[in-house]
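Taking it in order: structure first as structure tokens, then the write-up.
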Amino acid sequence: MRFWGLASACVAALAGSTAAAGTTTYHDPETGFVFAEYAIQYKIGHTLVFRIAVPTGVQSLTAYDAVLQVVAPVDAGWVGFAWGGRMIGDPLAVGWSSGNSVVLSSRRASDHTNMPATWTGAQYTLLKTGTHVNYTHWQYTAKCTGCTYYTNSVGSKNWIYSTGTNHLAFAYSSSRPAQPSSSGSTIQIHDVTNNWDHDFSVGQNANFADLVTRNS
Ligand code: HEM
Ligand SMILES: *[C@@H]1O[C@H](CO)[C@@H](O)[C@H](O)[C@H]1NC(C)=O
């Protein structure tokens, strides 16, 4: 266990500069998914893009797989995505680049003091198509099982609306993980966090399962 002391002082220092545009539809030419896209600044002129694709016809309060696509500029050491809109208790997807590949780590936090531990309650499968690293960005596309209807760390059930608006959050760190090739790597605290409302209704995919298979 590491103690992070007052390192939180800089958290969200830049939150005030974030542009709050709404969710848009993105037809991904590479994978064929229709994504609900939200782009959010983490510093002036630097944007993270979060895209969600879901299957159509999901029954309320049932688990369903979702596809998460994240596009990050190469200055991002790691980028976290919080399905429950906050750090503590809900599934976190933490991604970073490692050479020409991208590593995605399932984590969960029980407090603001310790690094979020790896969590097996959610499983991510990186899709080959839609996951790449180039000179300017790294990007991943991953199916998550266990991210949409889960028991949180205080024992309550939480469901992510497949056709409605969910309150989400991200965390950005300029520091790279200590062992980038390992999904269990130690990471340092974020430099910026923020929240937004993400409308999943524009990321509906009737052929969701086929698209997962085709891009795997
Ligand atoms: C070493 C790892 C980490 C440490 C030490 C850490 C610590 C903290 C601290 C001290 C705060 C501020 C709490 C406050 O303002 O009262 C915070 C907020 C936050 N963190 Fe982390 N964090 C870590 C990793 C992560 C990761 C991987 C995510 C993934 C998304 C994340 C997401 C957030 C979010 C969204 C907030 C805003 C407030 C909240 O939702 O709780 N953090 N964190
Ligand atoms: C690099 O990757 C980003 C994110 O996927 C993409 O938008 C951009 O077009 C790519 N650049 C090149 C030169 O392929």
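Side notes on the structure shown:
- Amide H contacts of Phe33 (H built 1.01 Å from N, under 5 Å, at least 5 apart or other chain): Asp28
- Cross-link reach list, aspartates and glutamates versus Lys143, counting only Cα pairs under 12 Å and skipping chain neighbours closer than eight places: Asp65
- Integer Hz, Karplus 6.51/-1.76/1.60 couplings in order for region 200-216, x for Gly and Pro: 6, 5, 8, x, 7, 10, 5, 9, 3, 4, 4, 5, 4, 4, 4, 9, 6
- By average C-beta atoms within 10 angstrom, highest first, the peptides 190-197, 89-96: 89-96, 190-197
- Considering only alpha-carbon pairs that sit under 8 angstrom and 6 or more positions apart, the relative contact order computed for region 127-182 is 17 percent.
- As a length-normalised measure over Cα pairs under 8 Å and 6 or more apart, the relative contact order of region 7-215 settles at 27 percent.
- Overall form of region 7-215 per C-alpha gyration tensor (a/c, 1.5; a/b vs b/c): rounded
- Here the alpha carbons of region 23-101 define both size measures, Rg and Dmax, at 14.0, 40 Å.
- Two-decimal log10 I(q)/I(0) for region 107-216, as the Debye equation yields it once each C-alpha is a single scatterer, q = 0.16 Å⁻¹: -1.06
- Estimated dipole of region 7-215 in Debye, rounded to 20 [Cβ of Lys and Arg +1, of Asp and Glu -1, Cα centre]: 320
Readers should treat all values here as calculations from the given coordinates under stated rules, not as data from a laboratory. No experiment lies behind these values; they were computed from the predicted model shown. Cβ coordinates were reconstructed from backbone atoms using ideal geometry, including for glycine residues, and neighbour counts include every protein chain displayed.
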